[in-house]
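Have a look at the structure below, then the notes.
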2 protein chains.
Amino acid sequence: MERLPGFRDFYPEPLPHPDVWSADARQYIFDQWRTVARRYGFREYDGPPVEPLELFTTKSGEEIVGQLYNFKDKGDREISLRPEMTPTLARMVAAHERNYKKPVKWFAIPQLFRYERQQKGRLREHFQFNADLIGETDPAADAELIALLIDTLRAFGLTSADFVIRLSSRNAWQDFYKQGGGHADHEYDFFQAIDKLERTREESEKKLAELGFSIDKVNQFIEDGHPTAELAGILQNLAARGLQEFIKVDYKVIRGLAYYTGVVFEAFDRKGEFRAIAGGGRYNNLVKLISGGKVDLPALGFGMGDVVLLELLKARGLLPKFDSPMDVFVTIEDESLRTISLKLVQDLRAAGYAVDYPLVPTKGDKQFKRAQELKVAHTVRAESDAYVRIRNLKTRDEVVAGFADAANHLG
Amino acid sequence: MERLPGFRDFYPEPLPHPDVWSADARQYIFDQWRTVARRYGFREYDGPPVEPLELFTTKSGEEIVGQLYNFKDKGDREISLRPEMTPTLARMVAAHERNYKKPVKWFAIPQLFRYERQQKGRLREHFQFNADLIGETDPAADAELIALLIDTLRAFGLTSADFVIRLSSRNAWQDFYKQGGGHADHEYDFFQAIDKLERTREESEKKLAELGFSIDKVNQFIEDGHPTAELAGILQNLAARGLQEFIKVDYKVIRGLAYYTGVVFEAFDRKGEFRAIAGGGRYNNLVKLISGGKVDLPALGFGMGDVVLLELLKARGLLPKFDSPMDVFVTIEDESLRTISLKLVQDLRAAGYAVDYPLVPTKGDKQFKRAQELKVAHTVRAESDAYVRIRNLKTRDEVVAGFADAANHLG
């Protein structure tokens with residue numbers, strides 16, 4: 001029996017097959033995400049992996065349904081596996097915002113699902129680090145969130161030689177559009193044309209011309225790259241933190257989604273080999289929309305998927321190996337010492353060490369081979385109920401220690 | 001917009017409403033599960049949260065479908081949200097078992113889903129710690145797994161006064177059944193009757209009588225509680241580890257599921273206030289069944305859900321509070337020092353501290369109140385680009401330190 005197309009199995013390392021994914025690398029990535037988010041004062045939340053379909057169509061319109069993993073449940077409800085976290089976040093914040101001091105700084109690590117037409121190797125799920133800051137309009141909030149994004153990537157060993165945050169602003173483009181005589185009704189078409197400029201140049205140029213904008217004028221605006229007051233404030237704030245080398249204004253970025261209302265940004269690898277590592281921006285109207293007008297809070301956030309990040313870390317040689325998870329192997333060569341050896345295993349585990357041992361009688365050389373495969377630092381052998389022999393597999397030093405004293409010799 | 005019935009929202013503490021769940025407590029529980037599993041040499045794995053329906057019906061028969069969160073996807077596949085992890089595990093192990101040394105010791109923390117008729121407050125999802133040991137028939141493997149179960153519960157502060165593992169054996173009951181003249185065809189009916197003895201006594205007695213077994217004889221067997229050689233080996237092994245006080249033979253436990261083949265066990269609170277905390281046993285035929293006969297490996301495992309565990313920890317006062325996640329609050333009273341204060345925030349976070357600060361100009365007393373709400377140990381204030389003032393909120397001691405030296409004064 002096979003798993004469903006577009007889904008991943010996560011195995012312990014070393015990996016048995018190139019077609020599967022590392023559960024250890026996944027956990028490593030989650031750990032870094034959590035650690036940095038907590039340092040920044042972001043608190044973890046989570047919601048259901050399935051939600052009413054309406055939650056997602058309210059935000060993104062009916063056309064989103066074509067990309068959703070949606071279905072009817074046995075209670076005849078239209079529901080969907082979550083394609084993104086922000087609507088759930090908006091729902092949750094709107095329900096209980098009075099109980100939380102603003103700004104609310106929250107993060108989540110949801111698994112997200114899309115049912116797009118299957119392309120070879122295309123995944124239908126991924127994990128995404130979502131960090132959001134709710135209840136503050138000041139660009140200081142945008143700077144705080146972008147600093148978190150930068151420090152999250154740095155936690156993996158990535159430097160300013162590896163990635164850059166391209167910072168832009170819907171407001172800047174809105175001003176440009178208005179000053180160029182654009183009509184409010186077609187503003188989003190204009191944003192879409194800018195968004196696609198890098199990928200489908202010709203089509204975008206045609207659309208821009210239709211809207212009354214010459215490509216030269218658009219290009220000039222992009223090349224000037226003059227930061228708005230808002231963006232200047234963000235750059236200054238990040239410079240105060242010593243993070244200026246990680247960010248540049250780049251008006252080519254505008255983000256496709258309709259719901260962004262102000263600052264937008266994307267993290268890219270400097271070499272341009274991969275899709276965006278992360279992306280986000282302001283969405284000041286979403287909480288109001290999702291709550292049916294009951295709660296109105298400004299907000300911004302970003303999402304960072306596990307797949308592109310993993311590719312980048314691999315390509316840059318920054319992904320650790322996780323094939324050495326054990327500390328100690330307790331050998332049992334004399335079966336009459338098994339009972340006392342089990343006590344030794346128990347004591348060492350209670351002291352916090354990751355310990356393995358032969359479950360059943362096993363030849364000495366096989367045990368030693370197993371210890372080497374597990375890349376343990378030490379083997380420990382009970383010599384009696386009074387003494388143990390500890391061997392450092394690297395230095396080959398051996399010491400004999402009192403039974404209760406074993407853990408103190410494991411460094 | 002509401003979340004779906006039977007699903008949970010997880011919020012940061014302090015919780016805003018009794019109807020929501022703590023994301024912090026959930027993470028605390030996951031952390032303990034992971035920590036103890038790793039000490040025991042169990043490696044993490046995961047599979048997709050949706051699988052082909054057939055994976056679950058192959059194991060449990062078509063009658064399981066009534067309880068599943070199943071549907072047809074857009075590719076016309078019959079699929080289901082996973083109701084349990086073991087079929088996925090069996091599928092994954094069977095696919096790549098040659099690449100892993102036996103015994104395979106793996107764990108996972110899946111979210112599992114059931115679509116049962118909605119009862120008030122009844123959940124349709126929960127998280128479950130799954131630990132499995134594959135490739136070893138010796139009862140030493142059963143003892144290792146049960147020791148992990150015991151130490152996992154102990155990691156939460158639970159003692160032998162709080163819980164006990166009730167150990168039983170399908171083999172023991174099988175022998176009893178055969179010696180009593182039971183026919184192999186009705187063996188599973190017999191097991192079911194034993195399983196329901198505690199809940200629906202009368203019905204079970206009737207069924208047992210039909211099968212030719214007097215309730216007195218059955219009760220006598222339970223009361224004798226004479227351990228089989230296999231169970232005696234497990235008890236001895238656990239006693240060697242000093243864990244004998246956590247386990248007792250109890251033949252009233254037999255586990256409902258058809259697929260168990262040998263030792264079975266359940267963890268219960270001693271006061272009998274809650275449903276089983278965890279349950280598991282041997283399932284030596286499942287890998288063969290799921291792999292269509294290609295791979296034949298003995299196996300055993302247990303599952304421990306987050307919901308009963310959480311109830312128990314709350315009832316015993318063992319659940320920590322998680323309302324103090326920040327270490328430091330950087331105050332900014334003089335806005336001309338904001339730039340240097342941002343540098344201070346950055347430095348302290350880089351040193352590993354969880355740091356918050358006022359994003360925008362804020363009155364001094366409000367900042368101090370916020371620091372108290374966050375229950376930080378210290379406030380730190382930049383006095384200039386050369387000095388900082390550090391205040392211990394508990395002792396009220398204040399020290400002035402060099403700017404680069406601030407982190408060394410935070411204990």
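Of all beta bridges DSSP finds with both residues in the protein assembly as shown, what is the antiparallel percent, to the nearest 5?
Values: 96 of 122 bridges.
For the protein assembly as shown, the DSSP antiparallel bridge percentage is about 80.
Can you classify segment A:9-55 as rounded, prolate or oblate using the Cα gyration tensor, where a ≥ b ≥ c are the square roots of its eigenvalues, rounded means a/c under 1.5, and otherwise it's prolate if a/b beats b/c and oblate if not?
Values: a/c = 4.52, a/b = 1.32, b/c = 3.43.
Judged from the Cα gyration tensor, segment A:9-55 comes out oblate (a/c at least 1.5, b/c at or above a/b).
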Just going by the charge dipole of the protein assembly as shown, with Lys and Arg at +1 and Asp and Glu at -1 on Cβ, which of A:T228, A:F403, B:Q220 is farthest out on the positive end? A:F403
What list of ³J(HN,Hα) couplings, whole Hz, do you get for segment B:391-397 from phi and the Karplus terms 6.51, -1.76, 1.60, once you set θ to phi - 60° and write x for glycine and proline? 10, 7, 6, 7, 7, 6, 5
Given the candidates A:V295, B:L300, A:L123, the one whose Cα lies deepest towards the positive end of the charge dipole of the protein assembly as shown, counting +1 at each Lys or Arg C-beta and -1 at each Asp or Glu C-beta, is B:L300
In nm, the gap between the two label points placed 7 Å beyond Cα toward Cβ at A:R270 and B:K206 is 7.9
In Å, what Rg and Dmax follow from the Cα atoms of the protein assembly as shown? 29.6, 95
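When Cβ neighbours within 10 Å are restricted to other protein chains, what is their mean count per residue of peptide B:14-26?
Working: counts 2, 2, 7, 3, 0, 2, 5, 1, 1, 8, 3, 0, 2.
Taking the mean over all residues of the peptide, I get 3.
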Note the distances from B:E62 to each other copy's matching label point, with points 7 Å along the Cα-to-beta-carbon direction, in nm, sorted shortest first. 3.8
Under a point spin-label approximation (7 Å from Cα along Cα-to-Cβ), what is the A:A258-B:D76 distance to one decimal in nm? 3.3
At B:L257, label 7 Å along Cα→Cβ: distances to the other copies, nm, ascending? 3.8
Of all the residues in chain A, which one has the C-beta that comes nearest the axis relating A to B, and what is the distance in Å? A:F71, 2
In degrees rounded to 10, the 0-90 angle between helix A:23-39 Cα long axis and the longest Cα principal axis of chain A is 60
Taking a ≥ b ≥ c as the square roots of the eigenvalues of the Cα gyration tensor of segment B:356-411, is the shape rounded (a/c under 1.5), prolate (a/b larger than b/c) or oblate? oblate
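Translational diffusion coefficient of segment B:109-189 at 37 °C, 0.692 mPa s, Stokes-Einstein with Kirkwood Rh over Cα pairs, in µm²/s as a whole number. Before the final figure, lay out the partial values.
Working: Rh = 16.7 Å.
It comes out at roughly 197 µm²/s.
Mind checking the dipole of segment B:1-67: about its Cα centre, +1 per Lys or Arg Cβ, -1 per Asp or Glu Cβ, Debye to the nearest 20? Each step should come with its number before you reach the end.
On the way: 8 positive and 12 negative charges, 86 e Å.
It works out to roughly 420 debye.
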Using only Cα positions of segment A:17-104, each an equal point scatterer, no hydration layer, compute I(q)/I(0) via Debye at q = 0.23 Å⁻¹ and quote the log10 values to two decimals. -1.09
Taking the label point as lying 7 angstrom from Cα along the Cα-to-Cβ axis, what are the distances from B:G352 to the corresponding position in the remaining copies, in ascending order and in nanometres? 1.1
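Which length gain, in nm to one decimal place, applies between A:N99 and A:E2 when the Cα-Cα distance is subtracted from 0.36 nm times their residue separation?
Numbers: separation 97, 0.36 × 97 = 34.92 nm, distance 4.61 nm.
Length gained, A:N99 through A:E2: 30.3 nm.
Assigning unit charges at the beta carbon (Lys, Arg +1; Asp, Glu -1) and nothing else, what dipole magnitude in debye, to the nearest 20, does the protein assembly as shown show about its Cα centre?
Working: 116 positive and 124 negative charges, 93 e Å.
The dipole of the protein assembly as shown has a size of about 440 debye.
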Percent of all Cα-Cα pairs per 10 Å bin for segment A:234-338, counting from 0 up to the last occupied bin, reads 11, 26, 26, 14, 9, 6, 6, 1
Å³ per residue of the Cα convex hull, for chain B? 208
When Cβ neighbours within 10 Å are restricted to other protein chains, what is their mean count per residue of peptide B:124-133? 1
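Within 10 Å of each Cβ in B:339-348, how many Cβ atoms from other chains are there, averaged over the peptide?
Numbers: counts 5, 1, 1, 12, 4, 2, 7, 7, 2, 1.
Taking all residues of B:339-348 together, the mean is 4.
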Stokes-Einstein D for segment A:1-149, Kirkwood Rh over Cα pairs, 10 °C, 1.306 mPa s (µm²/s): 91
With viscosity set to 0.692 mPa s at 37 °C, what whole-number translational diffusion coefficient in µm²/s follows for segment B:301-366 from Stokes-Einstein and a Kirkwood radius over Cα pairs? 215
Using alpha carbons only, how many degrees (0 to 90, rounded to 10) separate the axis of helix A:170-179 from the longest principal axis of chain A? 10
Segment B:282-337 and segment A:114-156 have their Cα centres apart by a whole-number Å value of 24
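At a 1.4 Å probe radius, carbon and sulfur cover how many percent of the accessible area of chain B?
Working: 8140 of 17410 Å².
In chain B, the share of accessible area belonging to carbon and sulfur is 47 percent.
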Whole-Hz Karplus ³J(HN,Hα) for segment A:43-51, in order, using 6.51 cos²θ - 1.76 cosθ + 1.60 and θ = phi - 60°, x for Gly and Pro? 9, 7, 9, 7, x, x, x, 10, 9
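For n ≥ 4 DSSP H runs only, could you compute -39500 (n - 2.57) per run for chain B, divide by its residues and tell me the 222 nm figure to the nearest 500?
On the way: 13 runs with 142 residues, N = 411.
Rounded to the nearest 500, it is -10500 deg cm²/dmol.
So if R0 is 35 Å, what FRET efficiency would B:K394 and A:R34 give, r being the distance between their Cβ atoms, rounded to the nearest 0.05? Working shown, then result.
Values: r = 27 Å, r/R0 = 0.77.
Given R0 = 35 Å and the Cβ-Cβ separation, E is 0.85.
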Could you give the nm distance between label points at B:L289 and B:E223, where each point is 7 Å from its Cα heading toward the beta carbon? 3.5
Could you please state, rounded to a whole Å, how far the C-alpha centre of segment B:22-71 is from the C-alpha centre of segment A:19-79? 17
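How much length, in nm to one decimal, is gained on full extension between A:S336 and A:A351, taken as 0.36 nm per residue of separation minus their Cα-Cα distance? Don't skip to the end; give the middle numbers.
Numbers: separation 15, 0.36 × 15 = 5.40 nm, distance 2.46 nm.
Computed gain between A:S336 and A:A351 is 2.9 nm.
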If you take the charge dipole of segment B:1-109 about its Cα centre, with +1 on Lys and Arg Cβ and -1 on Asp and Glu Cβ, which of B:A23, B:I109, B:L53 is farthest toward its positive end? B:I109
When the Cα centres of segment B:352-377 and segment A:372-411 are compared, how far apart do they sit, in Å? 48
Sequence neighbours fewer than 8 away in the same chain don't count; with that in mind, list the aspartates and glutamates whose C-alpha is under 17 Å from B:K207. B:D185, B:E187, B:D189, B:D195, B:E198, B:D216
Could you give me the ³J(HN,Hα) list for segment A:253-268, computed from phi with Karplus coefficients 6.51, -1.76, 1.60 and θ = phi - 60°, whole Hz, x at Gly and Pro? 7, 9, 6, x, 5, 5, 7, 6, 10, x, 4, 10, 7, 9, 9, 10
How big is the dipole moment of segment A:274-382 about its Cα centre under a simple scheme where the beta carbon of each Lys and Arg is +1, that of each Asp and Glu is -1, and everything else is neutral? Debye, nearest 20, please. 400
Would you mind working out the accessible area per residue for the protein assembly as shown, using a 1.4 Å probe, and quoting it in Å²? 42
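The values are calculated or read from the model by the stated rules, or taken from the named source; none is laboratory data. Remember, predicted model here, so these are calculated numbers, not experimental data. Cβ: placed from backbone, ideal geometry, glycine included. Neighbour counts: every protein chain shown. What goes into the accessible areas is simple: the full protein's heavy atoms, side chains included, and nothing from ligands, DNA or RNA. Shrake-Rupley method; radii C 1.70, N 1.55, O 1.52, S 1.80 Å.
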